[in-house]
Each structure stands twice: as C-alpha cells, then as structure tokens.
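Data block below; observations after.
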Amino acid sequence: MDLGISGKRAAVAAGSAGLGLGTAIALANEGVHVAICGRDAARVAEAAAQVGHGCVGLVADVSSTPGAAGFVDAASEALGGVDILIPNAGGPKPGTFASTDLEDYEPALRLNLLSTVAMCKAAVPAMQARGWGRVVAITSVSVRQPIANLILSNTARAGVTGFLKTLALEVARSGVTVNSVQPGYHLTERIKGLGHPADIGRAIPVGFAGDPGDFGRLVAMLCSEHARFVTGTHVPIDGGTYLGLQ
C-alpha cells in the first residue's frame, strides 16, 4: 500500500537505536526524508547509514528542553522543514515509590514529558501553517497499565499522554493529527538493560517479544495520508499485554 507520504520530511527523536531506529527505517522506506538524533556521534552516523535514503544524523540530547527544541530546529534546517514529528526518548531509571527520591522526578519529567512539549512547540506551528502534519509520539503501555518498578516512567508518560490528547483537539482543524503509540515489550537495549529475561516473550499473549521493524511500520501507517481521520488516539502495540477493555 502506498502511504502517500513520499517526499515528506520527518524528525525522529532518539532514532539511533531501538524503536526510534525502527521507525526511521520504516519512514525512509516509504520515501520520507528523515533526520534522526542521538547523543553519541559515532552511533548516530552508524544508524543514519543503516536507515539509508540520505538520512541526516544529528547529535542532540533531547533530555533537556533546549536540546529537544534544538533537534527539531536542526532537522528543519537540514530537511527544509518538518512534516512528521516522532517525539521519543529513552526511559528514566527504574524504581519504586519507596526507592525513588523526590529529586528524581524532575529529570524524568524533562525527559519524557517536557521534551515532547518542546519538540511540538518547535514543529507544530509550521505544520499548521502548511495545513498538513503528523505527530506520533512513542510512549509506553505503562500509561494504561503501570509497570512495576518503573514509577518515574509511569508518571511522566501518563503526563505526556494528557498533553498530546489536548494538543490533538486544539490543532485538529488545521490538518495536523496528533497520536501516540504505546509499546509493550520489544527487543531493544532498554528492555535488556532493565534486566528482563531472554525468554520474556513467553509471558506475552502472542508468545513473542515485539520487533522494532514491525513497530516502525505501524507508526508509519499513522503518519500516512490514509490516517488523516485518526487523531487524539493512543495505540497499544504490545502483543496483547494490556488486559483492559479500553
């Protein structure tokens, strides 16, 4: 299926690895001009080569609002504008209510909430002016079903979901859609770093852990012309992990 986005321009935050990289590859394969970012120059260059199709690799740290906004500005300059924005960032450190200090919450909110706000502030007004845009943020299934020992991520990602829903309603008539995708357990370095067992897929209803490439292709679909009637949604991509009805 032709997604109708060939020639569009996308900024994929934290696109040098994991789900961000999977998304960047999927968009590039649809003919989208892509810019990615990461903190390590060598890793960014390697990822940009893996994405191919003239992908632009930028060194940026989206854990701060200046870094997040700066990435979008640099991507816009390199690509001539940004039509598609994929807000994304690594997760904060694990912990429970008892083990997490109050001062740990502020960096987590900057990383997983305020960075998205900053990126949207930098990208969405120009999308509105052009009458077309797509924002698809990568959050977590923990927004629907909190994950044990991840209180910082659970808290910050729930906050960004509220922001995205509000933004979606405010810009809906301008041709800009705003959605999020909520990954469960995918085969990424983040999952390995949290100490999950190698056979974690056995605990997922479908029987296997997610693949970043499959994930990216679903994100690309939400960025497509065909998805113009889809906004304000938050889509679990979790192999059935979320057990609720809504």
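Read-outs throughout are calculated quantities, based only on the coordinates presented, and are distinct from any laboratory measurement. What you are looking at is a predicted structure, and each value in this text was computed from that prediction instead of being measured. Methodologically, a virtual Cβ is constructed for each residue, glycine included, from the backbone with ideal geometry; neighbour enumeration extends over all protein chains shown.
How many angstrom separate the Cα center of the stretch 91-106 from the Cα center of the stretch 61-76?
After rounding, the separation between the Cα centres reads 24 Å.
How large is the helix-only mean residue ellipticity at 222 nm for the chain, computed as the sum of -39500 (n - 2.57) over DSSP H runs with n ≥ 4, divided by its residue count, in deg cm²/dmol to the nearest 500?
Details: 8 runs with 96 residues, N = 246.
-12000 deg cm²/dmol, from helical runs alone.
For Thr233 and Thr166, compute 0.36 nm times the residue count separating them, minus their Cα-Cα distance, and round to one decimal in nm. Working shown, then result.
Details: separation 67, 0.36 × 67 = 24.12 nm, distance 1.09 nm.
Value of the extension gain: 23.0 nm.
State to the nearest 20 debye the size of the charge dipole of the stretch 22-144 about its Cα centre, where the only charges are +1 on K and R beta carbons and -1 on D and E beta carbons.
Numbers: 8 positive and 11 negative charges, 62 e Å.
Using only the charged Cβ atoms, the result is roughly 300 debye.
With +1 on each Lys and Arg Cβ and -1 on each Asp and Glu Cβ, and nothing else charged, work out how big the dipole of the stretch 1-51 is about its Cα centre, in Debye to the nearest 20. Can you show the working numbers first?
Values: 4 positive and 4 negative charges, 31 e Å.
Computed about the Cα centre, the dipole is about 160 debye.
Need the full-extension length gain, Leu187 to Asn149, defined as separation in residues times 0.36 nm minus the C-alpha distance. One decimal, nm. Could the numbers behind the result be given before it?
Working: separation 38, 0.36 × 38 = 13.68 nm, distance 1.91 nm.
Net length gain for the segment: 11.8 nm.
Starting from the amide H of Tyr185, placed 1.01 Å from N in the peptide plane, find each other amide H under 5 Å away whose residue is 5 or more places distant or on another chain.
For Tyr185, whose amide H was placed from the backbone, the distant partners under 5 Å are Gly210.
Could you please rank Ser63, Ser115, Ser174, placing first whichever residue has the fewest other Cβ atoms within 10 Å of its Cβ? Provide the component values of the computation, followed by the final result.
On the way: Ser63 19, Ser115 27, Ser174 16.
With the fewest neighbours first, Ser63, Ser115, Ser174 line up as Ser174, Ser63, Ser115.
Enumerate the amide H contacts of Ala137 below 5 Å, restricted to partners 5 or more residues apart or on another chain; note that Pro and chain-start residues carry no placed amide H.
Asn179, Ser180, Val181
Please report Met119, Met221 as a ranked list, fewest other C-beta atoms within 10 angstrom at the top and most at the bottom.
Working: Met119 30, Met221 18.
Lowest to highest Cβ neighbour count: Met221, Met119.
Using Cβ contacts closer than 10 Å as the measure, can you line up His186, His33, His226 from fewest to most?
Numbers: His186 20, His33 23, His226 14.
Fewest to most other Cβ atoms nearby, the residues stand as His226, His186, His33.
Show me, for the stretch 129-136, the HN-Hα J-couplings you get by feeding each phi into the Karplus relation (A = 6.51, B = -1.76, C = 1.60, θ = phi - 60°), rounded to Hz, glycine and proline as x.
5, 7, x, 7, x, 9, 10, 10
Note down the magnitude of the dipole of the chain about its Cα centre, charges +1 on Lys and Arg C-beta and -1 on Asp and Glu C-beta and zero elsewhere, to the nearest 20 debye.
400 debye
Round to the nearest 0.05 the FRET efficiency obtained for Leu243 and Glu103 when R0 = 30 Å and r is the Cβ-Cβ distance.
With a Förster radius of 30 Å, E is 0.35.
Set Lys and Arg Cβ to +1 and Asp and Glu Cβ to -1, take the dipole of the stretch 111-177 about its Cα centre, and tell me which of Val176, Val136, Thr166 lies farthest positive.
Of the listed residues, the answer is Val176.
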